[in-house]
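The values are calculated or read from the model by the stated rules, or taken from the named source; none is laboratory data. Source: prediction; values computed, not measured. Please note: Cβ atoms are built from the backbone with ideal geometry, for glycine as well, and neighbour counts cover all protein chains shown. For the accessible areas, the whole protein counts, side chains as well, though only heavy atoms, and no ligand, DNA or RNA atoms are used. Shrake-Rupley method; radii C 1.70, N 1.55, O 1.52, S 1.80 Å.
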Amino acid sequence: MTQPAQFYIGQMSGTSLDGVDSVIVAISSPTECELIAHHHLPFPDGIKKWALDLCRRGEDELNQSRLLATALSELYAQAIHEMLNRAQVSPRQISAIGCHGQTVRHMPPHYSVQLIDAARLAELCDITVVTDFRSRDIAAKGQGAPLVPAFHQAVFASEQFNRVIANIGGMANISVLSGGAIQSGFDTGPGNVLLDEWYQSHNEGSYDKGGHWAASGQIIPHLLDKFLSDTYFKQPPPKSTGREYFNQQWLSRFPVNDFRPEDVQATLTALTAQSICDAASQWQYPSLENELIICGGGVENTELMKMMERILPTWSIKRSDALGVDAQWVEAMAFGWLGYCCLNQLSGNVPTVTGAKGERVLGAIYPA
C-alpha cells in the first residue's frame, strides 16, 4: 500500500559551478518521486572563483575550505527560503533537506570532499539536513560516485527498454538500465567543464549557449582522436572523475593553440558526445529498443544533442522530460531522494556502479 507522500528538498551545486539547484519533491515510495517546485540561485562571481581556486592545490586550503563551506551553506539556505516562499510551503512540511554540497576534490579510493556546513544549514532553515553521501561508499571500497544511478533506476527503469541515462553536467555519467535492472554506471568523462573553460578563455560570458560557437567551427578529426586516446576512456568501470583530471592543464597537453578557437570548441563538443555514445553503445541490446535519455545542463546544448544523434542513428535519443522528469532538475531530485533513503534506512548506492563491497545507507544526518 502506498504511503502518504512526504516532502523533501534536494540541493545540488555541481562541477559547472553555475549556482545552486533546489527542488521540493513529494516521495510516497522509493519509486514514486514527484517534482513539486524548483529554484536556481546563481553563484556570485566571488563564490565561483573561490571554489575553483580550492579545486586546485594551494595555500591555506583548510581555512579557506571551512570559510567557503559557511558561505555556501548560507547560499543554500537563501535558495531554500526563496523556493519555499514561492511555493507557499512551510519548513514544517519538509521532512529533510538532502544537500550534496560543493565538490572541490574527488580522489577515490582515498576521499572525496564536498563543502557544506550542514549544522549551519539546519540551523538557518530549521529543517533536518542529510549530507555527506559519498563517504560511506568510499569506506566500503567504492568510488563514492556516481551517486545518481540508484535514483535513475528507481524512476526510469522499464522492462520494455534498454535505457542509458546520460547526465551531462560539468562531468558526464551514464546509468545503464536494461529490462528494468541496472547493469552498470560510471563517469564517461568531461561534460561541460572543458567546453565552458575554453569558451570563457576566448569569449565574454560563461558558456557556449546552445552550442552555437561550436556549430560555427569544424571538428578536427586527428585532435579528437588524440583526446579520445586518453587512458581514462579505455579504463573499465567502476570509475569516476572530476576537475582534478579534466581541466586546463589536461587540455594544455594537446596542440589546441594551433587551431581556430571555434574549431577546438567543436572538437571538445565532439569529445563529450563521442565519449558518452561510445560508453552507451557498449550496452546495446538487439532484443530491446535502445534509448539514450539525456538530463542535466547538457540538454540545452543543441549542437551536442545533434552530434549524439549522428553518432547513434539507430538509438532513440531524447530528454528525460519525455519520461515525465524535467531534465534540468533530475540531479537535485536525486539528492532529495537520497535524503529520503537515508532517513528510511534504504541503500542509496549501487555496488556494481561504484565498486563498493555491498549496498550501504548513504548520508550523515543533522537533526533540526
**Message:** Return the residues of segment 168-200 that are of a type in the set (Ser, Thr, Tyr), touching a helix residue (DSSP H, G or I) at 6+ places or on another chain (Cβ under 8 Å) and either at pLDDT below 95 or not in a helix (DSSP H, G or I) (or both); say none if nothing qualifies.
**Reply:** Ser175, Ser184, Thr188
**Request:** Being touching a residue at least 40 places away in the same chain (Cβ under 8 Å) and in a helix (DSSP H, G or I) is the filter here, so list the residues in segment 273-297 that pass it.
**Result:** Gln274, Ser275, Ile276, Asp278, Ala279, Ala280, Gly297
**Asked** Taking segment 81-129 as the region of interest, how many residues are closer than 19 Å to Leu41 by Cα and of a type outside the set (A, V, I, L, M, F, W, C)?
**Response** 14
**Message:** The conditions are (1) in a strand (DSSP E or B); (2) of a type in the set (Ser, Thr, Tyr); (3) in contact (Cβ under 8 Å) with a residue 60 or more places away in the chain, and Tyr76 fails exactly one of them. Which is it?
**Reply:** (1)
**Request:** Can you work out which of the residues in segment 257-274 that are over 24 Å from Gly19 (Cβ atoms) and open to solvent by less than 10 Å² (accessible area, probe 1.4 Å) is farthest from the chain's Cα centre (by Cα)?
**Result:** Val264
**Request:** Within segment 281-323, count every residue that is more than 14 Å from Ala166 (Cβ to Cβ) and either among the aromatic types (Phe, Trp, Tyr) or open to solvent by less than 20 Å² (accessible area, probe 1.4 Å) (or both).
**Result:** 1
**Request:** Residues being touching a residue at least 60 places away in the same chain (Cβ under 8 Å), part of a helix (DSSP H, G or I) and either of a type in the set (Ser, Thr, Tyr) or in contact with a strand residue (DSSP E or B) (Cβ under 6 Å, 6 or more places away or on another chain) (or both): count how many of those fall in segment 223-272.
**Result:** 2
**Asked** Would you pick out the residues in segment 183-193 that are open to solvent by less than 30 Å² (accessible area, probe 1.4 Å) and either over 15 Å from the mean Cα position of the chain (by Cα) or of a type in the set (D, E, K, R) (or both)?
**Response** Ser184, Asp187
**Message:** So Phe161 ticks every box in (1) touching a strand residue (DSSP E or B) at 6+ places or on another chain (Cβ under 7 Å); (2) open to solvent by 10 Å² or more (accessible area, probe 1.4 Å); (3) modelled with pLDDT of 95 or more but one. Which box is left unticked?
**Reply:** (3)
**Asked** Given the residues Arg105, Arg136, which is the only one that is open to solvent by 40 Å² or more (accessible area, probe 1.4 Å) and either outside any strand (DSSP E or B) or not small (Gly, Ala, Ser) (or both)?
**Response** Arg136
**Asked** Residues Ser135, Ser112, Ser95, Ser158: which one is under 15 Å from Thr354 (Cα atoms), more than 16 Å from the chain's Cα centre (by Cα) and among the polar types (S, T, N, Q)?
**Response** Ser135
